[in-house]
Amino acid sequence: MKQYVVIGCGRFGSSVARALYGMGYDVMAIDRDEDVVQDIADSVTHAVQADVTDEASIKALGIRNFDVAIIAIGSDIQSSILATLIVKELGVKYVVAKAQNQLHGNVLAKTGADRIVYPERDMGVRVAHNLGSSNILDYIDLSPEYSILEINALTEWEGKSLETLNIRGKYGINVMAIKQGTEINITPSPTDKIKKNDVMVVIGHNKDLQKLAERS
């Protein structure tokens, strides 16, 4: 099982930490604010108060043993850069860092971050897509060309199997999962049939996803 460490537990960091813990992963949350640490303590595996810019303190926490580090520090750009550098030098395999803007992201990338996320910008994009079509429930931008879309199944799909619909051939997209209420089928087979109120999780090129959204 993967182990995650979340450094910086503001709104974004605490949300990520709680979500990962809820998915069953081991999560350590680190923040310099004792009140913040106490607030999230019951929602993660371990919660620790520490200065994330102090290499000795971070090293003592065994950060090198974690598979993924999420640097979610908010407005303190210098601290986010230093924390990224420290965890990378300590040997964390994959580092995700939150950036305020493109310049901040460029610096984090040069510091060693494997992935840069822009929560405010990305949320704006997701809201725009959600507003653009009533059928789109969520939108995750993977790259400038590819995204993941969560969309209500088209009425014309109901009662038909994935094999019959040939979604990949007709729309150029791949079905990752099918959600029916609280149940999620993460390995749909060609014979699985689409039911009323099913939610499709699909991945594909943005232009193909846009065409699908326009049909909804």
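The values are calculated or read from the model by the stated rules, or taken from the named source; none is laboratory data. Being a predicted model, the structure only gives us computed values, none of them experimental. Reconstructed Cβ throughout: ideal geometry from the backbone, glycine too, with neighbour counts over all protein chains shown.
Below, the figures for the structure above:
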item	result
One residue from A99, A72, A17, A60 being more than 16 Å from the chain's Cα centre (by Cα) and either modelled with pLDDT under 95 or not assigned by the TED database to the domain that holds A113 (or both)	A60
Residue tally, condition surrounded by fewer than 17 Cβ atoms within 10 Å (Cβ to Cβ) and touching a strand residue (DSSP E or B) at 6+ places or on another chain (Cβ under 8 Å), over region 157-175	6
Count of residues meeting criterion [over 14 Å from I30 (Cβ atoms) and aliphatic (A, V, I, L, M)] in region 57-94	3
Identity of the residue in region 178-207, among the small types (G, A, S) and modelled with pLDDT under 85, that ends up nearest to Y146 (Cα to Cα)	G204
Members of region 13-33 that are farther than 17 Å from I58 by Cβ and surrounded by fewer than 16 Cβ atoms within 10 Å (Cβ to Cβ)	S15, A19, G22, M23, G24
Residue in region 15-32 that is under 14 Å from I73 (Cα atoms), in contact with a helix residue (DSSP H, G or I) (Cβ under 6 Å, 6 or more places away or on another chain) and aliphatic (A, V, I, L, M) present	yes
